[in-house]
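Report on the structure given below.
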C-alpha cells in the first residue's frame, strides 16, 4: 500500500456520543471497530498494512477496556511514530449536567461508578481523560448537538481529509445572549456597531437582507473594523493549514445573532471563499422570542 492509512481513534467521555460517531465514520466509508482494546491497535494496523481493501480506519478506544488508562499512552506513541499513518484523535466531550441527563434518560450506571452516583463516575473519568483530551487534534462538545448535528460535524471534518484541500474555514454568526459557539477558534464581537434593531423597518429582517446588510456596512466604523478583521485573518490561514488543522472556526457575534453578526459573517465568508474552502452558518439568525430582542 503506497498511500498513507488514515486512522481516527474515537474516544472521550462516556455518554458523549461515540456510538453515533463511529456510525458516522462508517457512512463516510471508513472501516470501523467499536470498543477496540488498546493493546490490539498496533496489531490491527499491521494487518491493515498487508491489505488492499481499506486505507481509512476509525475505531473507538475508550475506558470500557479495563486496560485503557494504563496502556493507551504507550499505544498512541507507537501509532504517532508510524510514518505510513495519517493519525488523528477525535475526542467527544459534554458538560457534566448533560452527561448526567443522558444517563438518567437511559437508566444506565456509569462504568466508573457502577454502584455509586453517576456524577462521581463522570468526575473521575474527566480527570483521567484530561491528558488524552489535550493530545486530541479534534475535540467536539456534543452538549447541544443532536445526533444529526454530530454526524454533520464529523462529515465536515473528516470527509475527504486525505485531500490537500482538506483545510476549510467555518464562518459562524451567533448571538451572545444565546452563548458562545462551543467549537469557535476565533471570536469577534460586533456589538459596538450601530444596531439595526432600533430601525422598525429592519427589526424583523436579518443581515442576509440587503437593507440590513447595507445599513450595517455603511457606517465608517463598520468599514474600519472590517478592514482590520480581514487584514488579521487572511495572513494567518496558511499557518493554520501548515500546522495540520483541518477546520478553523471563526465566530462573529452580536447581541441576538440576527443583524450585525450575520452581515459581517456573510461579508467575511464571501471574501475568504475566493481562496479557501469556506462553510458559513448563522446559528441564531432565525431565533425569535417574545422578549425584547436587541440584536
Angle between the chain longest axis and helix 220-242 axis [Cα atoms, degrees, rounded to 10]: 20
Degrees separating the helix 18-27 axis from the principal Cα axis of the chain, which is the longest one: 90
Sorted by Cβ density within 10 Å, fewest first, the residues 267, 199: 199, 267
Relative exposure of 50, 282, judged by other C-beta atoms within 10 Å (fewest first): 50, 282
Distance between modelled label sites at residue 54 and residue 107, nm, 7 Å Cα→Cβ extension: 3.5
Simple spin-label estimate for residue 227 and residue 159 in nanometres, 7 Å along Cα-Cβ: 3.9
Likely footprinting exposure, 123, 214, fewest C-beta neighbours within 10 Å first: 214, 123
For a label point 7 Å along the Cα-to-beta-carbon line of residue 97, residues of region 175-219 with backbone N under 18 Å: 176-183
Inter-label distance, nm, simple model (7 Å from Cα along the C-beta direction), residue 26/residue 117: 3.7
Region 1-134 shape via C-alpha gyration tensor axes, a/c threshold 1.5: prolate
The chain: antiparallel DSSP beta bridges as a percent of all, rounded to 5: 5
Acute angle (nearest 10 degrees) that the helix 68-81 long axis makes with the longest principal axis of the chain, alpha-carbon atoms: 80
Cα shape, region 71-213, gyration tensor, a/c 1.5 rule: oblate
Listed peptides 128-140, 11-23 by packing density, highest first (mean Cβ within 10 Å): 11-23, 128-140
Entry for semi-axes √(5λ) of the Cα gyration tensor in Å (calculated from the structure that is shown) out of [x] 46, 22, 17; [y] 40, 25, 14; [z] 34, 22, 18: [y]
At R0 = 41 Å, FRET efficiency that the Cβ-Cβ distance of residue 270 and residue 82 yields, to 0.05: 0.50
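Read the figures in this text as sums done on the coordinates, not as results from a lab. Everything numeric in this text was worked out from a predicted model, so none of it was measured. FYI the Cβ positions are ideal-geometry reconstructions off the backbone, even for glycines, and counts take in every protein chain you see.
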